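These notes are about the structure you will find just below.
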Amino acid sequence: MNDLPQPLTPADCDCRCVPVPFDMLVELLMSTFGFSSEAAIDAARKLAVDLPFQISEAGRA
């Protein structure tokens, strides 16, 4: 019995080298942790240094 949904991306998709948009990280902090916009931007800037993935400049406030 397989109740799992179909994956959102193909099995051979490798997104490890694709930078995460800055504004997406800000939105994630706001929606998940309830940060205000200003607090989320500040936290995202501080976190970007230590994250194991790249953050893109697009959408950077």
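The values are calculated or read from the model by the stated rules, or taken from the named source; none is laboratory data. In this text the structure is predicted, and so the values were computed from the model without any measurement. No Cβ is skipped: glycine too gets one built from the backbone with ideal geometry, and neighbour counts run over all protein chains shown. These area figures cover heavy atoms from the full protein model, side chains too; ligands, DNA and RNA do not enter into them. Shrake-Rupley method; radii C 1.70, N 1.55, O 1.52, S 1.80 Å.
Angle of helix 37-47 to the longest C-alpha principal axis of the chain, folded into 0 to 90 degrees and rounded to 10: 80°.
Checking every one of the trypsin sites (Lys or Arg not before Pro) in segment 13-61 against DSSP loop status and a limit of 10 other Cβ atoms within 10 Å picks out 16. Relative to the longest principal axis of the Cα atoms of the chain, the long axis of helix 22-33 lies at roughly 90 degrees.
What does the charge count near residue 33 come to, summing +1 for each Lys or Arg and -1 for each Asp or Glu among other residues with Cβ under 14 Å from its Cβ? Write down the numbers at each step before the final one.
Values: positive: 46; negative: 27, 38, 42.
Summing Lys and Arg as +1 and Asp and Glu as -1 gives -2.
Per residue, the solvent-accessible area of the chain (1.4 Å probe, heavy atoms of protein chains only, all protein chains present) comes to 83 Å². Once mean projected area of the Cα convex hull in nm² is calculated for the structure shown, the corresponding label among (i) 4.5; (ii) 6.0; (iii) 4.1 turns out to be (ii).
Can you give the helix-only mean residue ellipticity at 222 nm for the chain, where every DSSP H stretch with n ≥ 4 adds -39500 (n - 2.57) and the sum goes over all residues, rounded to the nearest 500 deg cm²/dmol?
-11500 deg cm²/dmol
In a DSSP loop and with at most 14 other Cβ atoms within 10 Å, the GluC sites (Glu not before Pro) in segment 3-57 are 57.
Across segment 1-60, the mean sequence separation of Cα contacts (distance under 8 Å, 6 or more residues apart), normalised by length, yields a relative contact order of 45 percent.
Are there any chymotrypsin sites (Phe, Trp or Tyr not before Pro) in the chain that are in a DSSP loop and have at most 14 other Cβ atoms within 10 Å? List them by number.
Details: sites: 22, 33, 35, 53; in loops: 35, 53.
Here the chymotrypsin sites (Phe, Trp or Tyr not before Pro) that fit, given the DSSP loop and packing criteria, are 53.
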